[in-house]
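Reviewing the structure listed below.
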């Protein structure tokens with residue numbers, strides 16, 4: 001019964017969160033924004049690589065060049081999950097404080113904050129999934145269809161049995177990190193605009209989004225090796241046939257371990273923030289909350 005109530009509360013939170021995310025404009029403009037934003041980010045990076053390679057005389061049809069572009073496209077596409085979840089959950093508490101005060105009402109009721117936070121986080125997951133799918137589709141249409149670059153990226157040959165477990169575990173780990181960002185903002189009102197960008201920027205640099213982590217300095221690589229995003233992108237690329245599939249189970253195992261550790265830490269940090277907020281009365285005094 002408790003699980004049913006939890007799921008129902010999270011579903012209502014998702015519905016509210018979706019309305020909050022999309023009510024700033026009409027549906028057509030919102031959909032256009034959701035398409036253009038991830039595509040523009042990908043095209044900027046991809047054309048930097050294309051132009052840079054051309055300037056040093058690299059052949060656009062070489063196997064290494066086309067393989068790297070496919071590797072880059074997949075990494076940037078699935079990075080949308082990181083960006084959407086980090087930015088969405090980092091700003092959640094601030095938006096609620098300044099406009100809606102839902103968290104305050106939940107906190108002083110017999111209910112718990114967890115279903116609301118999860119429901120709002122799932123809105124970011126849906127937005128991220130839309131960005132991933134559209135980015136992949138437009139990438140194939142532009143680079144293979146329009147520019148005839150013959151990038152080895154066949155969306156019909158993706159191994160879904162490899163892709164889905166990796167994506168699910170990756171989403172859980174990112175939601176757990178989002179939990180930590182919410183926890184920080186519950187007890188602080190000065191970090192909401194830098195947390196999401198800072199954390200997603202760290203993942204972009206150290207998670208192997210645009211270049212292999214083996215190219216990073218040796219003293220930085222241990223950090224990359226404990227980030228869930230690293231193993232998420234490796235497993236995803238393996239499902240697209242861009243990396244040897246022999247290491248898939250290893251990457252999936254590491255992803256499962258890092259996800260479990262991140263989930264435990266995220267829940268613990270969130271509970272500590274709740275206790276701290278209760279002790280300070282942050283949900284009792286409007287001026288503080």
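Worth a mention:
- Residues of region 211-229 classified as modelled with pLDDT of 90 or more, out of contact with any helix residue (DSSP H, G or I) (no Cβ under 7 Å at 6 or more places or on another chain) and either surrounded by 22 or more Cβ atoms within 10 Å (Cβ to Cβ) or over 22 Å from residue 81 (Cα atoms) (or both), total: 1
- Matching residues, region 230-247, being over 19 Å from residue 81 (Cβ atoms) and assigned to a helix (DSSP H, G or I): 245, 246, 247
- If you check 208, 170 for being surrounded by 20 or more Cβ atoms within 10 Å (Cβ to Cβ) and part of a loop (DSSP other than H, G, I, E, B), only one passes: 208.
- Only one entry in 46, 53 is at pLDDT below 70, surrounded by 14 or more Cβ atoms within 10 Å (Cβ to Cβ) and closer than 29 Å to residue 71 by Cα, namely 53.
- Some residue of region 111-122 being free of Cβ contacts under 8 Å to residues at least 12 places away in the same chain, over 24 Å from residue 40 (Cβ atoms) and either surrounded by fewer than 18 Cβ atoms within 10 Å (Cβ to Cβ) or out of contact with any strand residue (DSSP E or B) (no Cβ under 6 Å at 6 or more places or on another chain) (or both): yes
- Residue check, residue 158 within 22 Å of residue 10 (Cβ to Cβ) and either out of contact with any strand residue (DSSP E or B) (no Cβ under 8 Å at 6 or more places or on another chain) or buried (at least 18 other Cβ atoms within 10 Å of the Cβ) (or both): no
- Picking from residues in region 186-205 that are touching a helix residue (DSSP H, G or I) at 6+ places or on another chain (Cβ under 8 Å) and modelled with pLDDT of 85 or more, the one that is surrounded by the most Cβ atoms within 10 Å (Cβ to Cβ) is 203.
- Filtering region 133-148 to residues that are closer than 17 Å to residue 241 by Cβ and touching a residue at least 40 places away in the same chain (Cβ under 8 Å) leaves 136, 139, 143.
The values are calculated or read from the model by the stated rules, or taken from the named source; none is laboratory data. All values reported here derive from a predicted model rather than from experimental measurement. Cβ sites come from the backbone with ideal geometry, for glycine too, and all protein chains shown count toward neighbours.
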